[in-house]
Amino acid sequence: MHASTVRNLLVRGMIAGVLAGLCAFVFAYVAGEPSVRDSIAQEEIHQEGAHAQEGAHAAPAHQHGGEEEEEGLVSRPVQSTFGLATGVLVYGVALGGIASLVFAGCLGRIGRFGPRATAALLAGAAFVTVYLVPFLKYPANPPAVGSPDTIGTRTTLFFLMILLSVLLAVSAVIAGRRLAPRLGNWNAAVAAGGGYAVAVAVACLVLPGNTDAIPATFPAALLWEFRLASIGVQALLWTAFGLIFGALAERALRPGRAAAVTAGEGATPVRTAG
């Protein structure tokens, strides 16, 4: 594929990532923020109960210092609107750029699929390998759950699981392509998918679990609501990206337009007198 075509797909992938990010932001704000607010409220109630039981004489001074500290931090309304939107949009642009480059490398190499079908398959595979599989091992927890001292360890383990999942998925695709001439496309795909599932299961058993236990007092329904919202945000993000980018990529790769972009013939022809 010509470099100018790849560059065109990269731009369209980033645009699709922004639009998909906007969809995910709306869903995250409507469906996810209520559970986040309730989780923070649960943590505040727990801390107030702990301070009340301690009955420390320096409690007023400590509380006063905490208020001064909170004034210097970003407020919750800003975090839940501008901060959330910024994070989701930056994430959308990044995934759009990376996914568009992967799309350029996979188009025509994973079967006789058109741009829309390839984009849909790529988005579905990315959702499963990049988010869903790591989520099964290390499910998302609300901000108030878990010790701040273990954030680094938990983040490292989660990204390690993402890396393993992606590498195993790539290996499964390669194995499936090599098995296809002997087993046929369907049997090769089933064998590769089964091998990926077994390898992921082994990785989940080998990697350490999350050492931060969820407090027994934390409402199970609230935890379940937060995790469902987390899955929903990612599912909507990748679905929207696959649909939007598929449409944009198909327009970019139409025979006439692709030939013009590849040959550099997009300029308006010069008319001669006569």
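The values are calculated or read from the model by the stated rules, or taken from the named source; none is laboratory data. Everything numeric here is computed off the predicted structure, so don't read it as measured data. Quick reminder, even Gly has a Cβ in these numbers, built from the backbone with ideal geometry, and neighbours come from all protein chains shown. Remember, those area values only see protein heavy atoms, side chains included, never the ligands or the DNA or RNA. Shrake-Rupley method; radii C 1.70, N 1.55, O 1.52, S 1.80 Å.
For the reader, a short list of remarks on this structure follows.
- Carbon and sulfur %, accessible surface of the stretch 96-209 computed with the full protein complex present, 1.4 Å: 72 percent
- Across all Cα pairs in the stretch 85-126, the calculated P(r) in 5 Å bins from zero up to the longest distance comes to 5, 23, 29, 19, 12, 7, 3, 1 percent per bin.
- From the alpha carbon centroid of the stretch 210-227 to that of the stretch 1-37 is 29 Å.
- Candidates per trypsin sites (Lys or Arg not before Pro) in the stretch 76-185, loop by DSSP, up to 16 other Cβ within 10 Å: Arg109, Arg112
- Ala197 paired with Arg7, simple spin-label distance in nm, labels 7 Å along Cα-to-beta-carbon: 4.5 nm
- Inter-probe distance in nm under a simple model that places probes 7 Å from Cα toward Cβ, at Ala235 and Leu132: 0.9 nm
- Note, ³J(HN,Hα) from phi for the stretch 30-41, Karplus 6.51, -1.76, 1.60, rounded to Hz, x at Gly and Pro: 6, 9, x, 4, x, 5, 5, 4, 5, 5, 5, 5
- Whether the stretch 106-196 is rounded, prolate or oblate, judged on the alpha carbon gyration tensor where a/c under 1.5 counts as rounded: prolate
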